[in-house]
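> Below is a structure I'd like to ask you about.
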């Protein structure tokens, strides 16, 4: 499967702590995107990082990309209870027409 | 609210039956994607349409088919349903073909009994 793998599968932290989740993938990519999903709801796009970028920030989110290792990480700083959700990485193929979602990390932020 | 609508929200049917799921993309979006999310398979990309034409296929079974109409809404048809087809089916849309961010609908939960 070309699907990405996320690590850890589940993460539980205290409010105010930082949360880091990792994504590994197998094929060359055009870009990598992170999405968030609240239980049973649709996914919401968080951030996109292109293959020629190494780091990107958006508010409390920081994403890194290492194409040589075929991996990415998502850091959420100063977590809040409202950040409780599942987080997925999605890789977009070089041709831009194949999307592969990772297996997801379930994040629980304890108030 | 992403602007993508999906109907119905829930669908309960029996094995062997055929169902149609409907998706209306965000206003102005030309690309529509279909995904299946189940507990054991995760989120699987099924198929993509752009301005009425099929542009990419993922893990879509032969029993499943889709189309995008001139008004850009899309339908996913699932036939000869099996228990294993029970899942959440998401539609997503994006402005262009390719690598932009996608906007997801709320999903249709299909239960096959």
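> Please count how many residues of the stretch B:66-112 are part of a strand (DSSP E or B) and touching a residue at least 60 places away in the same chain (Cβ under 8 Å).
Within the stretch B:66-112, residues that are part of a strand (DSSP E or B) and touching a residue at least 60 places away in the same chain (Cβ under 8 Å) number 14.
> Find all pairs meeting these conditions: Cβ atoms under 7 angstrom apart; at least six residues apart or on different chains; first residue within the stretch A:35-53 and closer than 18 Å to residue A:71 by Cα; second residue part of a loop (DSSP other than H, G, I, E, B).
Short answer, once both residue conditions are applied: A:48/B:101; A:51/A:67.
> Let me ask something else. Being within 20 Å of residue B:7 (Cβ to Cβ), touching a strand residue (DSSP E or B) at 6+ places or on another chain (Cβ under 8 Å) and modelled with pLDDT under 95 is the requirement here; does residue B:65 meet it?
For residue B:65, the condition - within 20 Å of residue B:7 (Cβ to Cβ), touching a strand residue (DSSP E or B) at 6+ places or on another chain (Cβ under 8 Å) and modelled with pLDDT under 95 - is not met.
> Does residue B:37 satisfy being at the interface with chain A (Cβ under 10 Å from one of its Cβ atoms), surrounded by fewer than 22 Cβ atoms within 10 Å (Cβ to Cβ), assigned to a strand (DSSP E or B) and modelled with pLDDT under 95?
yes
> Please count how many residues of the stretch B:43-65 are over 18 Å from residue B:105 (Cβ atoms), within 14 Å of chain A (Cβ to nearest Cβ) and in a strand (DSSP E or B).
Residues that pass the stated criteria total 5.
> Taking residue A:50 and the conditions (1) closer than 24 Å to residue B:46 by Cβ; (2) facing another protein chain (nearest Cβ under 10 Å), which numbered condition does it fall short on, given that it satisfies the others?
The failed condition is (1).
> Report yes if some residue within the stretch B:6-23 is under 25 Å from residue A:35 (Cα atoms), at pLDDT below 95 and either within 14 Å of chain A (Cβ to nearest Cβ) or surrounded by 18 or more Cβ atoms within 10 Å (Cβ to Cβ) (or both); otherwise report no.
No: zero hits.
> Of all the residues that make up the stretch A:68-84, how many are crowded, with 17+ Cβ neighbours inside 10 Å and at positive phi?
Total satisfying the criteria: 1.
> Out of (1) out of contact with any strand residue (DSSP E or B) (no Cβ under 7 Å at 6 or more places or on another chain); (2) at the interface with chain B (Cβ under 9 Å from one of its Cβ atoms); (3) closer than 29 Å to residue B:110 by Cβ, the odd one out for residue A:95 is which?
Status for residue A:95: all satisfied but (3).
> Suppose we filter A:36, A:80, A:60 for residues that are at pLDDT 95 or above and within 14 Å of chain B (Cβ to nearest Cβ); which single one remains?
Going through A:36, A:80, A:60 in turn, just one is at pLDDT 95 or above and within 14 Å of chain B (Cβ to nearest Cβ): A:36.
> Can you pull out every residue in the stretch B:66-99 that is crowded, with 18+ Cβ neighbours inside 10 Å, within 14 Å of chain A (Cβ to nearest Cβ) and more than 21 Å from residue B:10 (Cα to Cα)?
B:94, B:98, B:99
> Does residue A:69 satisfy the criteria of being away from every other protein chain (no Cβ under 14 Å) and within 20 Å of residue B:58 (Cβ to Cβ)?
Here the answer is no, as residue A:69 does not meet what is asked.
The values are calculated or read from the model by the stated rules, or taken from the named source; none is laboratory data. Please read these numbers as outputs of a predicted model, since none were measured by experiment. Positions of Cβ are backbone-derived with ideal geometry, glycine not excepted, and every protein chain shown enters the neighbour counts.
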